[in-house]
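Peer 1: Input: one structure, supplied below.
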Amino acid sequence: SQPLLEVKGLKKYFSVKSGFWGKEKVVRAVDGVHLTVYPGETLSIVGESGCGKSTTGRCILRLIEPTEGEILFQGRDIRALNAAELRAARRDMQLVFQDPFASLNPRKTVGQILLDPLIVHGIGTPAERRKRVEEMIEIVGLTRQHLHRFPHEFSGGQRQRIGIARALILRPKLVVADEPVSALDVSIQAQILNLLKDLQREFQLTYLFISHDLSVVRHISDRVAVMYLGKVVEVADKTVLYERPIHPYTQALLSAVPVPDPTREVKRILLEGDLPSPANPPAGCQFHPRCRHCMEVCRTTVPPLKEAEPGHLVACHLG
Ligand code: SF4
Ligand code: MG
């Protein structure tokens, strides 16, 4: 099928002043990301903090302006949209935030929080809007009585249910979920992930799921993209990626995750050195200073993301 979202060569560079004298430095937060997301699937972006995964998600929704690249949503480049077109496109693309404590306005009732997007987008009559809000709060597992309360009266898990209701109230096609369960207790995480899965089926949603947590990603994804220092280094079906990772960085990441099958022994691969700064990324393959398989070519030449086997993309000179 046709992709719902295609990201080509996406870059986001920030200029930051460093040190007392304020010398300008360029931080390459996102440095040439390619992604394809198909309707109805969950594609996860996984990587360590600072790899550019959140920035990628925000560029896709144009909450921040990309430096370069194409973002095709239903075949149209959202970077080329004018303000009115962008507003219309926003109905179809919604964000679920990491921190449900910070992202809900504390001075508004839950009912008002859910009503606002409908009013902004001029959807329905007042009676229709009210009906949709009442339905949505129940769909996410809360009650109509909760509509009269304020965000601080809820637990973290309940607040994330409200955040999800707010994202879904406009019936979007694409939901970008940026670490939606990271702020929650482990016991609550599974409930929220299961809710997201149920809602995906019910509303034919497509998810771009952003997370640093490989266990969470394993639970929710159809396909997984691994990011390192602003670049996608590997993409594959979840099962393939978890069982047969090809990129040495993916292999190291996964070796640190407890395996569900205790008879399968995975040797922990320790990464040498620290994550380099995106203000000063290594030449060639950005992973080369930490790679056990580093060859001469890796120091000078960026490995392109290419197909190692059908549907399995890897950016490595070995693959
Ligand atoms: Fe390692 Fe070279 Fe592959 Fe980079 S390109 S991951 S340095 S083998
Ligand atoms: Mg982040």
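Taken together, the values in this text are just the output of simple stated rules run on the coordinates, not laboratory data. All values derive from a computational prediction rather than experimental measurement. Methodologically, a virtual Cβ is constructed for each residue, glycine included, from the backbone with ideal geometry; neighbour enumeration extends over all protein chains shown.
Peer 1: Might you report the magnitude of the Cβ-based charge dipole of the chain about its Cα centre, with Lys and Arg at +1 and Asp and Glu at -1, to the nearest 20 debye? Display every interim value, and only then the final one.
Peer 2: Details: 42 positive and 35 negative charges, 156 e Å.
Here the chain has a charge dipole of around 760 debye.
Peer 1: Further question on the same structure: When the chain is fully extended, how far beyond the present Cα-Cα distance does residue 279 get from residue 201, taking 0.36 nm per residue of separation?
Peer 2: 24.0 nm
Peer 1: Show me, for region 139-149, the HN-Hα J-couplings you get by feeding each phi into the Karplus relation (A = 6.51, B = -1.76, C = 1.60, θ = phi - 60°), rounded to Hz, glycine and proline as x.
Peer 2: Here the 3J(HN,Hα) series is 4, 8, x, 10, 10, 4, 4, 5, 5, 8, 9 Hz.
Peer 1: Quick one: what do you get for the chain if you divide its Cα Rg by 2.2 N^0.38 Å? Write down the numbers at each step before the final one.
Peer 2: Values: Rg = 20.7 Å, N = 319, 2.2 N^0.38 = 19.7 Å.
The value comes to 1.05.
Peer 1: Can you tally the lysine pairs in region 14-116 where the Cα-Cα distance is under 30 Å and the two residues are eight or more apart, or on different chains?
Peer 2: Eligible lysine pairs with Cα atoms under 30 Å apart amount to 4.
Peer 1: Okay, next question. On a straight-distance basis, which lysines could pair with residue 173 in a cross-link, Cα separation under 18 angstrom, same-chain partners fewer than 8 positions away excluded?
Peer 2: List returned: 197.
Peer 1: May I pose another question? Nearest 10 degrees is fine. How inclined is helix 186-203 to the longest principal axis of the chain, computing both from alpha carbons?
Peer 2: Rounded to the nearest ten degrees, it is 70.
Peer 1: Just to confirm a number: summing +1 for Lys and Arg and -1 for Asp and Glu over residues other than residue 32 whose beta-carbon lies under 11 angstrom from that of residue 32, what do you get? Don't skip to the answer; put the middle values down first.
Peer 2: Values: positive: 8, 11, 12, 28, 231; negative: 31, 68.
The answer is +3.
Peer 1: Taking only DSSP H segments of four or more residues, each worth -39500 (n - 2.57), what value at 222 nm results for the chain once the sum is divided by all its residues, to the nearest 500 deg cm²/dmol?
Peer 2: -9000 deg cm²/dmol
Peer 1: Please tell me the relative contact order of region 182-319 in percent, rounded to the nearest whole number, where contacts are Cα pairs under 8 Å and at least six residues apart.
Peer 2: The normalised contact order for region 182-319 reaches 20 percent.
Peer 1: If you don't mind, there's one more thing I want to ask. Highest mean first, how do 181-187, 2-8 rank when packing is the count of other Cβ atoms within 10 Å averaged over residues?
Peer 2: 2-8, 181-187
Peer 1: What's the Kirkwood radius of region 43-109 in Å, using all Cα pairs?
Peer 2: Roughly 13.8 Å, rounded to one decimal.
Peer 1: While we're on this one: Describe numerically, in nm with one decimal, the distance between label points set 7 Å from Cα along Cα→Cβ at residue 149 and at residue 85.
Peer 2: Using points 7 Å along Cα→Cβ, the separation is 4.4 nm.
Peer 1: Quick one: if you stick a label point 7 Å off each Cα along the C-beta vector at residue 131 and residue 256, how many nm between them?
Peer 2: That separation, rounded to one decimal, is 5.1 nm.
Peer 1: Reported to two decimal places, what Rg/Rh ratio describes region 186-258 when computed on Cα atoms with Rh from the Kirkwood expression?
Peer 2: Reported Rg/Rh (Cα atoms, Kirkwood Rh): 0.99.
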